[in-house]
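Below is one structure, written out as structure tokens, with a few remarks after it.
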Amino acid sequence: MALLTHLLVCVFGMGSWVAINGLWVELPLLVTELPESWYLPSYLTVVIQLANIGPLLVTLLHRFQPGCLSEVPVIFLILCIGTAACILLAFLWDTTSWIQGGRHSVAFIVLTFFLALVDCTSSVTFLPFMSQLPTYYLTTFFIGEGLSGLLPALVALAQGSGITTCVNATQAPGTTLSPVTTVETHVTQTTHSPSSLSPWHLESHYLAPRFSPLLFFLLLAFLMGCCLVAFFLLQRQPWGRQGSIEDLLHSQVTLHSIRPRDTEDTSSLGTYVSSPGKESVEASAAPLRPAQLAFIYSVVAFVNALTNGVLPSVQTYSCLPYGPVAYHLSAALSNVASPLACFLPTFLPNRSLLFLGLLTVLGTSFGAYNMAMAAMSPCPILQGHWGGEVLIVLSWVLFAACLSYVKVMLGVILRDRSRSALLWCGAAVQLGSLVGALLMFPLVNVLKLFSSADYCSLDCSV
């Protein structure tokens with residue numbers, strides 16, 4: 001039963017962000033089909049942030065009307081909405097409407113809003129629900145949350161979404177480039193046709209996907225449906241009473257441990273150590289000082305701002321100058337590193353805030369390298385050299401791994417404090433993600449501080 005519960009919790013956690021993550025990995029294919037073209041990511045960024053109205057309402061209700069909102073019906077509602085939206089998206093994703101003199105993907109954008117509403121609201125409902133289960137299931141939940149990015153990425157790789165190749169294209173005077181033949185080389189070259197003396201250029205060309213977006217979105221609907229079934233089975237288990245008893249025992253041990261101040265020492269994160277000759281008790285939920293709580297919530301918001309808002313906005317700029325292979329490896333392996341890092345606290349837990357702070361600094365340094373390479377696009381350091389490709393892939397993988405471990409351990413610390421602490425943890429997650437996305441949107445789409453280029457025709461030798 002314990003193994004089955006772990007599996008259900010993992011599937012439940014996977015449904016938290018699988019829909020939006022699926023949209024992002026499918027974007028390279030969607031931008032070639034929908035009328036918004038490369039403006040589509042900026043539309044999605046705005047729509048996803050508008051969906052934060054969901055977690056905002058839930059948080060305000062918990063704050064001003066405690067106990068009036070139960071997570072169970074809310075989770076059932078949002079999971080049903082998410083599953084239905086994925087099914088509709090499979091059949092309506094390419095439906096366009098005529099608005100203000102142009103074609104727009106109104107159905108796609110509206111359904112994206114509902115998917116974002118589901119995923120954003122999951123941050124302030126899934127975690128409080130997990131407080132009903134014993135603490136050790138929270139790590140499994142975060143592993144499932146990591147899989148919400150990995151599984152769509154693997155499906156997109158199998159689909160061939162966004163895979164490009166370099167093709168030879170010729171341009172006669174007064175005409176546009178047209179592909180002539182596919183070549184295997186990635187070296188920029190210019191030749192001339194004997195008859196027309198028109199130049200030849202290498203340019204990127206998207207390959208046809210192995211299956212259509214219809215099947216991809218149906219697979220997303222299947223994953224959302226699995227999450228709904230997993231939640232249905234979880235909430236029927238008697239874990240709620242055991243979780244409540246566990247919390248009560250933790251609070252009782254904590255109260256007992258802090259009473260005799262003259263002979264006992266309580267650590268900052270709840271490990272009770274008695275003086276020599278006394279019995280020792282392990283308490284997992286000692287009170288945290290306000291400064292510690294402020295530090296934890298600040299780090300949660302900061303880490304999620306980087307992982308959900310800032311760095312994803314520039315991943316293409318930091319990786320594509322090194323070639324499509326580097327881009328796909330960084331996207332896939334970082335999504336593998338995240339659930340593996342979430343699994344690591346099961347064997348190597350470390351609740352030290354000093355250690356978690358240092359690990360946050362280390363992960364941020366990898367993120368800073370990724371950001372620097374994006375700012376130097378289209379000619380970052382070691383562009384065209386295999387060492388540059390290795391460095392950018394490793395940097396993205398270690399960035400994801402370090403900050404994923406931090407997120408899990410901070411979640412475990414707050415889980416041992418109280419149920420409301422997990423609610424505010426979810427609010428900090430969404431606040432950080434919102435700030436990160438709002439910060440990057442004008443930098444990328446308005447000020448255009450990051451430059452893109454066709455890798456096949458890129459020449460950084462001058």
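Ranked from largest to smallest solvent-accessible area, with a 1.4 Å probe on the protein heavy atoms, Asp94, Asp119 come out as Asp94, Asp119.
Where q = 0.10, 0.20 Å⁻¹, what log10 of I(q)/I(0) comes from the Debye formula for the stretch 1-118, counting one point per Cα? Cα-only, vacuum Debye calculation for the stretch 1-118: -0.39, -1.13. Note on the stretch 288-430: along the principal axes its Cα atoms extend 51, 28, 22 Å, ordered by decreasing extent.
Seen from Gly15, the other residues with C-beta closer than 11 Å to its C-beta sum to a net charge of -2, counting Lys and Arg as +1 and Asp and Glu as -1. Remark: the stretch 308-320, residue by residue, has Karplus-estimated 3J(HN,Hα) of 10, x, 6, 5, x, 5, 10, 4, 5, 5, 7, 9, 4 Hz, where x stands for each Gly or Pro and the curve is 6.51 cos²θ - 1.76 cosθ + 1.60 at θ = phi - 60°.
Per-residue Karplus couplings for the stretch 59-69, computed as 6.51 cos²θ - 1.76 cosθ + 1.60 with θ equal to phi - 60°, are listed in order as 5, 5, 5, 5, 6, 9, 10, x, x, 7, 10 Hz, Gly and Pro entered as x. The phi-based Karplus calculation (6.51 cos²θ - 1.76 cosθ + 1.60; θ = phi - 60°) puts the 3J(HN,Hα) values of the stretch 382-397 at 6, 5, x, 10, 4, x, x, 5, 4, 5, 5, 5, 4, 5, 5, 5 Hz, whole numbers, x for Gly and Pro. Relative contact order, whole percent, for the stretch 302-441 stands at 46, derived from Cα pairs under 8 Å and 6 or more residues apart.
Work out the FRET efficiency for Leu362 and Gln100 from their Cβ-Cβ distance, taking R0 = 56 Å, and round it to the nearest 0.05. After rounding to 0.05, the efficiency reads 0.70.
Taking only the alpha carbons of the stretch 359-449, we obtain Rg and Dmax values of 16.7, 52 Å in that order.
The values are calculated or read from the model by the stated rules, or taken from the named source; none is laboratory data. Just so we're clear, the structure is a prediction, and the values are computed from it rather than from any experiment. We place every Cβ from the backbone using ideal geometry, glycine too, and count neighbours over all the protein chains shown. Heads up: the accessible areas ignore ligands, DNA and RNA and are worked out on the full protein's heavy atoms, side chains in. Shrake-Rupley method; radii C 1.70, N 1.55, O 1.52, S 1.80 Å.
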